[in-house]
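**Student:** My questions all concern the structure below.
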Amino acid sequence: MKIFKDIITGDEMFADTYKIKLVDDVVYEVYGKLISREGSEIKLDGANASAEEADEGTDTNVESGVDVVLNHRLVECFAFGDKKSYTLYLKDYMKKVLAKLAEKSPDQVDVFKTNMNKAMKDILGRFKELQFFTGESMDCDGMVALVEYREIDGQSIPVLMFFKHGLEEEKC
């Protein structure tokens, strides 16, 4: 399994356990599902199950949302009230990614510059339909993932978008 982490914050953004599509060699589209789960269904590796048991009569904690968001502890970010503020964030973020690329993968700089402008224009055209999520650290200097609901086979499916060049893969 591969975990994809933000190159700026180190936050875990998603894993290759979901259906993933690479668009224009710059944006990963990750197809999620809307889920509900009880707190008792969440199992932490290495946790002592008997010590974690809830007492009888306690309320059950149920959380609902997009599986990718819940599983990777992404946090909704309301920092972008309008397209202008998001555009300013994107320009600043892309400069940071470009600097990292020039250092670590100079062969990807041209691909990034060429295809990112098209992707940004497309994303900005759908700005009002998007939700924004940061990694667990809630550091808006890092990647802000995008969520859009699309009609696929008669169902509304959450599609998360991540900038490929702002991620590093870690094998688990």
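The values are calculated or read from the model by the stated rules, or taken from the named source; none is laboratory data. This is a predicted model, so every value here is computed, not measured. Every residue, glycine as well, gets a Cβ built from its backbone with ideal geometry; the counts of neighbours run over all protein chains shown. Please note that ligands, DNA and RNA were not included when accessible areas were found on the heavy atoms of the full protein model with its side chains. Shrake-Rupley method; radii C 1.70, N 1.55, O 1.52, S 1.80 Å.
**Student:** Quick check, is Val147 modelled with pLDDT under 90, touching a helix residue (DSSP H, G or I) at 6+ places or on another chain (Cβ under 9 Å), surrounded by 16 or more Cβ atoms within 10 Å (Cβ to Cβ) and not in a loop (DSSP other than H, G, I, E, B)?
**Tutor:** No.
**Student:** Which of (1) in a helix (DSSP H, G or I); (2) open to solvent by 60 Å² or more (accessible area, probe 1.4 Å) does Ser137 not meet, given it meets every other one?
**Tutor:** Here Ser137 clears every test but (1).
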